[in-house]
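Enquirer: This is the structure, below, for whatever I ask next.
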Amino acid sequence: MYALACVLLAISGVVLMAVTGVGPFSRDPWERYYFSLRKKPKWLTQVLLITASALSIACTLVLVGVIRD
């Protein structure tokens, strides 16, 4: 359970960085992913942002021990 939470937290962190354009996604060669996401419909980027945020919060709560098996 904890290993899955770690993997999902890492993936959601990368998605959040790509959607918001921070970290490695603010420089070459990664910034093209950010710009390609900005060309997508606004509702799609909002869904990605909300889903990745909720998933990262849930995985953090699992790892901290607030949510147990």
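Enquirer: Helix 2-20 against the longest principal axis of the chain: what's the angle in degrees, Cα atoms only, rounded to the nearest 10?
Expert: For 2-20 against the chain, the angle is about 20 degrees.
Enquirer: Please report, as a whole percent, how much of the solvent-accessible surface of the chain comes from carbon and sulfur atoms (probe radius 1.4 Å).
Expert: Within the chain, the accessible surface is 71 percent carbon and sulfur.
Enquirer: At a temperature of 37 °C and a viscosity of 0.692 mPa s, determine how fast the chain diffuses translationally according to Stokes-Einstein, using the Kirkwood radius over alpha-carbon pairs as Rh; express D in µm²/s, rounded to the nearest whole number.
Expert: 257 µm²/s
Enquirer: Another question, if that's okay. Taking the Cα centre of the chain as origin and charging only Cβ (+1 Lys, Arg; -1 Asp, Glu), how large is the dipole, in debye to the nearest 20?
Expert: 300 debye
Enquirer: Positive end of the dipole of segment 1-64, charges at C-beta (+1 Lys, Arg; -1 Asp, Glu), about the Cα centre: which of Ser36, Leu63, Val47 has its Cα farthest in that direction?
Expert: The listed residue farthest towards the positive side: Ser36.
Enquirer: Working from Cα positions, state the angle (0 to 90°, nearest 10) between the long axis of helix 42-64 and the longest principal axis of the chain.
Expert: So the inclination is approximately 30 degrees.
Enquirer: Additional query: Tell me, what is the percent relative contact order of the chain, built from C-alpha pairs under 8 Å that lie six or more residues apart?
Expert: Over the chain, the number comes to 44 percent.
Enquirer: Calculate, for the chain, the solvent-accessible area per residue in square angstrom, rolling a 1.4 angstrom probe over the heavy atoms of the protein chains.
Expert: Computed with neighbouring chains in place, this is 72 Å² per residue.
The values are calculated or read from the model by the stated rules, or taken from the named source; none is laboratory data. These numbers were taken from a predicted model, which means no experiment stands behind them. Because the Cβ atoms are built from the backbone with ideal geometry, glycine has one as well, and the counts that use them run over all protein chains shown. The protein model used for the area step is the full one, side chains on, heavy atoms only, and it has no ligands, DNA or RNA in it. Shrake-Rupley method; radii C 1.70, N 1.55, O 1.52, S 1.80 Å.
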